[in-house]
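K.L.:
Just passing along the structure, written as structure tokens.
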């Protein structure tokens, strides 16, 4: 009798273990399916975010919600900030440029003039380069946007004048701003980047040189 009870309990235990095992497998299958759905949704959101139509809508919304800002030079009381700008050129072949690269800063208070990015006696913006430039600019308030232009030089028409820019890091008011571009900027063209990643310099996970 006792042996029979033990056998029944053993069978029940084994069945319970098998049931739990099947349940765990089923749970894993559902988790993997959910992860796949979330990944596909994330990919679609990224595609929508980067699509020309989506970007146009984002810029339109941003411009409508942002009051018109004047030039910083029109305000005699504006202070100045020492900042650092680092550009990352793609390491693809022929990504560099011989053009004159300039940057403009747009903040919550005002917008600056264009600043040429150039290191004397150095060939900036070559493929794979991370080039850094110290600048002194007016205090624009919160830094919301930058504009990058690639202008013609004496080398106009030379091969490699189109510049493939990956991103720009700006150190401003002890914060690091990363503006993603990941696009080719042809000679004579200007591109802007809004919605930067922002972190405090002393504790910043954003990639790219800080010096």
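K.L.:
Answer with yes or no whether residue 133 is surrounded by 15 or more Cβ atoms within 10 Å (Cβ to Cβ), in a loop (DSSP other than H, G, I, E, B) and under 22 Å from the mean Cα position of the chain (by Cα). Break it down stepwise before answering.
P.N.:
Working: surrounded by 15 or more Cβ atoms within 10 Å (Cβ to Cβ): yes; in a loop (DSSP other than H, G, I, E, B): no; under 22 Å from the mean Cα position of the chain (by Cα): yes.
Spelling it out, it is not the case that residue 133 is surrounded by 15 or more Cβ atoms within 10 Å (Cβ to Cβ), in a loop (DSSP other than H, G, I, E, B) and under 22 Å from the mean Cα position of the chain (by Cα).
K.L.:
Please state which of the following conditions residue 124 fails to meet, knowing it meets all the rest: (1) surrounded by 13 or more Cβ atoms within 10 Å (Cβ to Cβ); (2) outside any loop (DSSP other than H, G, I, E, B).
P.N.:
Of (1) surrounded by 13 or more Cβ atoms within 10 Å (Cβ to Cβ); (2) outside any loop (DSSP other than H, G, I, E, B), only one is false for residue 124: (2).
K.L.:
While we're on this one: Any chance you could count how many residues in region 130-144 are more than 25 Å from residue 195 (Cβ to Cβ) and either at pLDDT below 95 or touching a helix residue (DSSP H, G or I) at 6+ places or on another chain (Cβ under 6 Å) (or both)?
P.N.:
Adding up the residues that qualify gives 0.
K.L.:
Evaluate region 67-74: report whether one residue or more is part of a helix (DSSP H, G or I), at pLDDT 90 or above and not assigned by TED's automatic domain parsing to the domain that holds residue 182.
P.N.:
Yes; the residues of region 67-74 include at least one that is part of a helix (DSSP H, G or I), at pLDDT 90 or above and not assigned by TED's automatic domain parsing to the domain that holds residue 182.
K.L.:
So how many residues does region 162-181 have that are part of a loop (DSSP other than H, G, I, E, B) and either on the phi > 0 side of the Ramachandran plot or without any contact (Cβ under 8 Å) to a residue 24 or more places away in the chain (or both)?
P.N.:
Qualifying residue count for the region: 2.
The values are calculated or read from the model by the stated rules, or taken from the named source; none is laboratory data. Just so we're clear, the structure is a prediction, and the values are computed from it rather than from any experiment. We place every Cβ from the backbone using ideal geometry, glycine too, and count neighbours over all the protein chains shown.
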